[in-house]
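The values are calculated or read from the model by the stated rules, or taken from the named source; none is laboratory data. Model, not experiment: these values are computed from the prediction. Methodologically, a virtual Cβ is constructed for each residue, glycine included, from the backbone with ideal geometry; neighbour enumeration extends over all protein chains shown. Remember, those area values only see protein heavy atoms, side chains included, never the ligands or the DNA or RNA. Shrake-Rupley method; radii C 1.70, N 1.55, O 1.52, S 1.80 Å.
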Amino acid sequence: KGVKYLVKAMKDVVDTFPNTKLLIVGDGPERSELENMTLELKLTNVVYFIGEIKNTKVGKYYSAADVFIIPSIVVDGHTEGLGVVTLEAMACGTPVIGSNVGGIPDVIKDGYNGFLVPEKSPEELSQRIIQILSDKELGVKFRQNGLKTVNKIFSWNIVSDKFINLFNS
């Protein structure tokens, strides 16, 4: 999912915000490579691998975060579908940053409810993370607009009404 680009971005982020922590939630085949990269970049006191967690605890992580990042990439023509995790983060009031690939731009409107960045761009990721951490008003704007997005476009009521209208047509 492009997490290695996020890990690389953290080098610049901690130069500006030394107390920043990156929690990587979930597991996958790239974990050992990412752990090695963290060692090589001397980020072991910055990047923490949480592993898989129960769905019932995911909201606590979103709510505790200053920013949620989904650094997805295109691999062999495949990428993120809708980016449901992005909606979950927005529903918890967390500002978001995502790669401009797949279905992520269907959720994130750049500058309105989060930031879109080019895939595989640690430089752009670090700039946008720093921007959100530096500008509290921007964080508030993204929180409010993220919640509006979830409620007005992606809530169960809205989605179910769209399905009903589709079936009826």
Inset, instruction - Determine which single condition Phe68 fails, assuming it passes every other condition in (1) open to solvent by 70 Å² or more (accessible area, probe 1.4 Å); (2) closer than 25 Å to Lys136 by Cα. - result: (1)
Inset, instruction - Sort out which residues of region 86-107 are open to solvent by less than 10 Å² (accessible area, probe 1.4 Å), more than 12 Å from Ser72 (Cα to Cα) and in contact with a Phe, Trp or Tyr (Cβ under 7 Å, 6 or more places away or on another chain), and write them in order of number. - result: Ala89, Thr94, Pro95, Val96
Legend entry - Looking only at region 14-24, and only at residues there that are under 19 Å from the mean Cα position of the chain (by Cα) and either without any contact (Cβ under 8 Å) to a residue 40 or more places away in the chain or farther than 30 Å from Thr56 by Cα (or both), the one that is most open to solvent (accessible area, probe 1.4 Å): Lys21
Inset, instruction - Scan region 25-55 for residues that are farther than 18 Å from Val14 by Cα and either under 19 Å from the mean Cα position of the chain (by Cα) or of a type in the set (Lys, Arg) (or both) and jot them down. - result: Val25, Gly26, Asp27, Gly28, Glu30, Arg31, Ile50, Gly51, Glu52, Ile53, Lys54, Asn55
Inset, instruction - State whether the residues of region 52-75 include one that is farther than 30 Å from Lys152 by Cβ and out of contact with any Leu (no Cβ under 8 Å at 6 or more places or on another chain). - result: yes
Inset, instruction - Taking the residues in region 76-88 that are small (Gly, Ala, Ser) and touching a residue at least 12 places away in the same chain (Cβ under 8 Å) as candidates, determine which candidate is nearest to Met10 (Cα to Cα). - result: Gly83
